[in-house]
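Here the structure comes first, spelled out in structure tokens, and everything after it is commentary.
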Amino acid sequence: MTTINLTEVTAPHKLRRNDDPVTSHMSANTVDTNKMEKVVLDAIDSFKDRGCISDDILKVLPDYRYSSITARYKALKEKGFIVTDGSTEKAVSGRSQLKMWGSKYYSVLYNIK
């Protein structure tokens, strides 16, 4: 299990657009992003040094919506929990998806201290 620093909450303004309806602004101020970030991070970490793409995460988390999962990548990357290096892999759709690693597995894979 991965430990997420619960003091590092994703800022509400990053969860909505300025021109969104007032209900979106209210929701952004009340949603617990850390819970979903932890779920997504644990799924990414489960692939260890192999890394994964969004299709892999969707298979591991079938009970969650695509938008709920993919919305967490940016915050996890900004917080340093996941790494992308520009590598891609072909998705089910035939298009390329960025490969992701949990930062602890990426640093071991490439011997980064």
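The values are calculated or read from the model by the stated rules, or taken from the named source; none is laboratory data. It should be emphasised that the depicted structure is a prediction, and the values quoted were computed from it without experimental measurement. Glycine gets a Cβ as well: all are built from the backbone with ideal geometry, and neighbour counts include every protein chain shown.
Looking only at region 84-107, which residues are farther than 17 Å from Phe47 by Cα and either of a type in the set (Lys, Arg) or touching a helix residue (DSSP H, G or I) at 6+ places or on another chain (Cβ under 7 Å) (or both)? It would help to see each step written out before you state the result.
Narrowing region 84-107 to residues farther than 17 Å from Phe47 by Cα: 86, 92-96.
Selection gives Val92, Arg95.
For region 15-45: of the residues being charged (D, E, K, R) and in a helix (DSSP H, G or I), which is modelled with the lowest pLDDT? Walk me through how you get there before you give the answer.
Within region 15-45, the first condition is being charged (D, E, K, R), and the residues that meet it are 16-17, 19-20, 32, 35, 37-38, 42, 45.
Among the residues that remain, those that are also in a helix (DSSP H, G or I) are: 35, 37-38, 42, 45.
Details: Lys35: 89, Glu37: 93, Lys38: 95, Asp42: 97, Asp45: 97.
So, considering only residues that are charged (D, E, K, R) and in a helix (DSSP H, G or I), the one modelled with the lowest pLDDT is Lys35.
Please go through region 41-54 and give me each residue that is surrounded by 14 or more Cβ atoms within 10 Å (Cβ to Cβ) and either closer than 15 Å to Lys99 by Cβ or charged (D, E, K, R) (or both), ordered by number. Write out each step before concluding.
Kept after step one, since they are surrounded by 14 or more Cβ atoms within 10 Å (Cβ to Cβ), are these residues of region 41-54: 41-48, 51-54.
Passing the criteria: Asp42, Ala43, Ile44, Asp45, Ser46, Phe47, Lys48, Gly51, Cys52, Ile53, Ser54.
Any residue in region 84-95 that is within 10 Å of Asp55 (Cβ to Cβ) and among the small types (Gly, Ala, Ser) sitting within a Cβ distance under 6 Å of a residue that is at pLDDT 95 or above and not in a loop (DSSP other than H, G, I, E, B)? List the pairs, counting only those 6 or more apart or interchain.
Short answer, once both residue conditions are applied: Ala91/Asp55; Ala91/Gln97.
Can you find a residue in region 50-66 that is within 12 Å of the chain's Cα centre (by Cα), modelled with pLDDT under 85 and hydroxyl-bearing (Ser, Thr, Tyr)?
No, because not a single residue in region 50-66 is within 12 Å of the chain's Cα centre (by Cα), modelled with pLDDT under 85 and hydroxyl-bearing (Ser, Thr, Tyr).
Scan region 75-113 for residues that are among the hydroxyl-bearing types (Ser, Thr, Tyr), modelled with pLDDT under 90 and part of a helix (DSSP H, G or I) and report the count.
Narrowing region 75-113 to residues among the hydroxyl-bearing types (Ser, Thr, Tyr): 84, 87-88, 93, 96, 103, 105-107, 110.
Remaining after also requiring modelled with pLDDT under 90: 106-107, 110.
Next cut, part of a helix (DSSP H, G or I) only: 106-107.
Within region 75-113, residues that are among the hydroxyl-bearing types (Ser, Thr, Tyr), modelled with pLDDT under 90 and part of a helix (DSSP H, G or I) number 2.
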